[in-house]
1. In nm, what is the difference between 0.36 nm times the number of residues separating residue 82 and residue 124 and their Cα-Cα distance?
2. Under 20 °C and 1.002 mPa s, how fast does the range 94-180 diffuse according to Stokes-Einstein, given a Kirkwood radius computed over C-alpha pairs? Answer in µm²/s, whole number.
3. Per-residue counts of other Cβ atoms within 10 Å, averaged by peptide: what ranking do you get for 51-57, 94-100, 196-202, highest first?
4. Mind giving me the nanometre distance, one decimal, between the label points for residue 139 and residue 154, set 7 Å out from Cα along Cα→Cβ?
5. Could you work out how far apart the two model spin labels at residue 45 and residue 171 are, taking each label as a point 7 Å from the Cα in the direction of the beta carbon, and quote it in nm?
6. How many angstrom lie between the C-alpha centres of the range 135-178 and the range 63-108?
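Just so you know, all these numbers are worked out from the coordinates, no wet-lab data involved. Every value quoted in this text rests on a predicted model; they were computed, and no experiment measured them. Note that we place each Cβ from the backbone using ideal geometry, even for glycine, and neighbour counts take in every protein chain shown.
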């Protein structure tokens, strides 16, 4: 399973966003990395640089590598409607992200691991491909043998309510339903998708 294995806090500081989830070091050092930190004067970022940083932010937030992200953008470009919005909808409908949104795992990286280790089902069939695109109306849940896993029970135990309108959750069956593609205003990520579209349009 291909995934980013490099430094995390350094990337989060560069992008000024906790893209890998909660990070205590990032909270203490919420300024660009480097020996002079926030004392260093930085040159004004070019238009291309701003667009590239936005793409990097989206890529690291959802845990994709460069080729995966590029392929997903190409798919979004062929969808009807606004390309940037379609891109975010595709990212949100990835199986690893849906597992994360349902609260089965506390982070997207943890959700990806659960999927690849065959702990997650789609319509009661085991699916171990994190990039699987969940379709409207499909059920995503925890495999019967995995329902007692500590990492899953702890994550679901800390889940107070379902904050996402496009997801329906059944705590008794430990499974949820992907009702529909979320609208842009429903997606909580701080990503300016139009900048990504402009970058790929060059």
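1. 11.8 nm
2. It diffuses with D of about 174 µm²/s by this estimate.
3. Result, highest mean first: 94-100, 51-57, 196-202.
4. Inter-label distance under the simple model: 2.9 nm.
5. Reported label-point gap for residue 45 and residue 171 is 4.0 nm.
6. A separation of 19 Å, based on Cα centres.
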